[in-house]
1. Test Val167 against the stated conditions and say whether it is of a type outside the set (Gly, Ala, Ser) and open to solvent by less than 50 Å² (accessible area, probe 1.4 Å).
2. Name the residue that is modelled with the highest pLDDT, counting only residues in the range 43-57 that are in contact with a helix residue (DSSP H, G or I) (Cβ under 8 Å, 6 or more places away or on another chain) and either outside any helix (DSSP H, G or I) or not assigned by the TED database to the domain that holds Ser20 (or both).
3. Quick one: in the range 22-36, which of the residues that are open to solvent by 50 Å² or more (accessible area, probe 1.4 Å) and assigned to a helix (DSSP H, G or I) is farthest from Gly95 (Cα to Cα)?
4. Looking at this structure, is Leu126 under 30 Å from Pro31 (Cβ atoms), aliphatic (A, V, I, L, M) and either under 12 Å from the mean Cα position of the chain (by Cα) or not assigned by the TED database to the domain that holds Pro31 (or both)?
5. Here are some conditions: (1) in the same structural domain as Val19 (by the TED database); (2) assigned to a strand (DSSP E or B). Ala39 meets all but one. Which one does it not meet?
6. So in the range 11-21, with the set limited to residues that are in a loop (DSSP other than H, G, I, E, B) and open to solvent by 50 Å² or more (accessible area, probe 1.4 Å), which one is farthest from Gly50 (Cα to Cα)?
7. Working carefully through the options Leu96, Leu71, Leu140, find the one that is without any contact (Cβ under 8 Å) to a residue 40 or more places away in the chain and touching an Asp or Glu at 6+ places or on another chain (Cβ under 9 Å).
8. Just to be sure before I move on: is Arg136 over 12 Å from the mean Cα position of the chain (by Cα) and of a type outside the set (Asp, Glu) in the structure I sent?
Amino acid sequence: MTTPARKVGIREVAALAGVSSGTVSHYLNHPDRVSAEKAARIERAVETLGFVPNSSARQLRLGRSDAIAFLAPDVSNPYFSTIAEGVERRASEAGLTVFIANSHADRDREDAYLRMFGQHRVRGLLVASFEPIEERLAGLRARGTPSVLLRRPGRGSAQPSVAVDDVLGGRLA
């Protein structure tokens, strides 16, 4: 049985590049703060060593992740898949990752996803629930995770929502 390879950290990258660990950290988090010459040395060291930044450690340090979540009752439905595609495209442009979750119109499954999103400290939630969910989202909002309800208006002003006015749409059609 072989032993797993040791994970390469910022210190090893810094040593190979001939810079400080802080400079490597700046390169990873704020590349505009690092000179082109140092950035090139760090990039070569990263490639040589096969360094992969630890997003869990970064998330722990910052207290939030670089992810948002989209929860829908059925992402195979063209309505929701179109929304998911748009969410993913815009999030990618903003440097964010998207968790796309399918509740299958199951309250227990929906609640499990909401717990998981809270544990992962997602930056925000887009939720298209099959039933009223505002009270469950209020707990996440109280802990600092904003949410937007899709497809139906929120019951109060505390819950932002984006909804289609089907009656007006029918009249206009």
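The values are calculated or read from the model by the stated rules, or taken from the named source; none is laboratory data. All values derive from a computational prediction rather than experimental measurement. Here the Cβ is made from the backbone with ideal geometry for all residues, glycine too, and neighbour counts use every protein chain on show. Please note that ligands, DNA and RNA were not included when accessible areas were found on the heavy atoms of the full protein model with its side chains. Shrake-Rupley method; radii C 1.70, N 1.55, O 1.52, S 1.80 Å.
1. Working: of a type outside the set (Gly, Ala, Ser): yes; open to solvent by less than 50 Å² (accessible area, probe 1.4 Å): no.
In short, no.
2. Among those residues, the one meeting the criterion is Phe51.
3. Only one residue tops the list, namely Ala36.
4. Details: under 30 Å from Pro31 (Cβ atoms): yes; aliphatic (A, V, I, L, M): yes; either under 12 Å from the mean Cα position of the chain (by Cα) or not assigned by the TED database to the domain that holds Pro31 (or both): yes.
So Leu126 passes the test.
5. (2)
6. The initial filter retains those residues of the range 11-21 that are in a loop (DSSP other than H, G, I, E, B), namely 18-20.
Applying the additional criterion that residues be open to solvent by 50 Å² or more (accessible area, probe 1.4 Å) yields 18, 20.
Details: Gly18: 17, Ser20: 18 Å.
Of everything passing the filter in the range 11-21, Ser20 is farthest from Gly50 (Cα to Cα).
7. On the way: Leu71 fails: without any contact (Cβ under 8 Å) to a residue 40 or more places away in the chain; Leu140 fails: touching an Asp or Glu at 6+ places or on another chain (Cβ under 9 Å).
Testing whether each residue is without any contact (Cβ under 8 Å) to a residue 40 or more places away in the chain and touching an Asp or Glu at 6+ places or on another chain (Cβ under 9 Å) leaves just Leu96.
8. Details: over 12 Å from the mean Cα position of the chain (by Cα): yes; of a type outside the set (Asp, Glu): yes.
Yes, satisfied.
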